[in-house]
Amino acid sequence: TLSHLIPGERGALATALLIGDKSDLPKSVSDSFSSAGISHLIAVSGLHLSIWCLFILKIFDVFRLRRRAGAIISAFVIVFMAASGFTYSVMRAGFMMLVMLLGTLLSRQADSLNSLGIALVILCFVNPYCVMSLGLRLSFLSTLGIIVGYGNIDFTLNPYIARVRNKYARRVCE
């Protein structure tokens, strides 16, 4: 595991940030994240799934194997959802990712809002009582807010992003 490579508190924090496993994280660190209002960073969520999928996609880009990335990422998404215990936030993100990958495979343009809606329909089909879960509602509504509000944020930040001189930093900002 990662905690063997990076010993102590740092290894536990790295493990929590990358895969959401907080079992080795000291209570003081967990309390610090809570008091700062960023405890969601160390909880298993769609954020972790998105980071890993982006990482896999970038590796395939480096080796110019992007066409094969879809199948590998799809398999990874399913394995990640199972490894995370099928939490609603991870399943929402996973189904969104699978819908977007399927759209790409069918030569359709990916749409986050439609993917979010389809993910919710799939979740409700599998478990109709999931709509009573506060975690699902918060995950769904926060994702909806990000999708709907992104255009306003992107438009406002564009002039500032254009001023970033380092091409790698600018690419991350874009």
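The values are calculated or read from the model by the stated rules, or taken from the named source; none is laboratory data. Not measured: the values here are computed from a predicted model. Positions of Cβ are generated from backbone atoms using ideal geometry, with glycine treated the same way; all protein chains shown enter the neighbour counts. SASA here: full protein model, heavy atoms, side chains in, ligands and nucleic acids out. Shrake-Rupley method; radii C 1.70, N 1.55, O 1.52, S 1.80 Å.
Odds and ends about this structure:
- For the stretch 120-149, taking the residues that are among the aromatic types (Phe, Trp, Tyr) and without any contact (Cβ under 8 Å) to a residue 24 or more places away in the chain, the one that is farthest from Leu98 (Cα to Cα) is identified as Tyr129.
- The stretch 75-91, subset open to solvent by less than 30 Å² (accessible area, probe 1.4 Å) and among the hydroxyl-bearing types (Ser, Thr, Tyr), residue modelled with the lowest pLDDT: Ser84
- Selection count where residues are of a type outside the set (Val, Ile, Thr), part of a helix (DSSP H, G or I) and surrounded by 16 or more Cβ atoms within 10 Å (Cβ to Cβ), scope the stretch 41-59: 6
- If you filter the stretch 15-28 down to residues that are in a helix (DSSP H, G or I) and buried (at least 16 other Cβ atoms within 10 Å of the Cβ), you find that the one that is modelled with the lowest pLDDT is Ile19.
- All of Gly94, Gly117 fail the test of being of a type outside the set (D, E, K, R), without any contact (Cβ under 8 Å) to a residue 12 or more places away in the chain and open to solvent by less than 40 Å² (accessible area, probe 1.4 Å), apart from Gly117.
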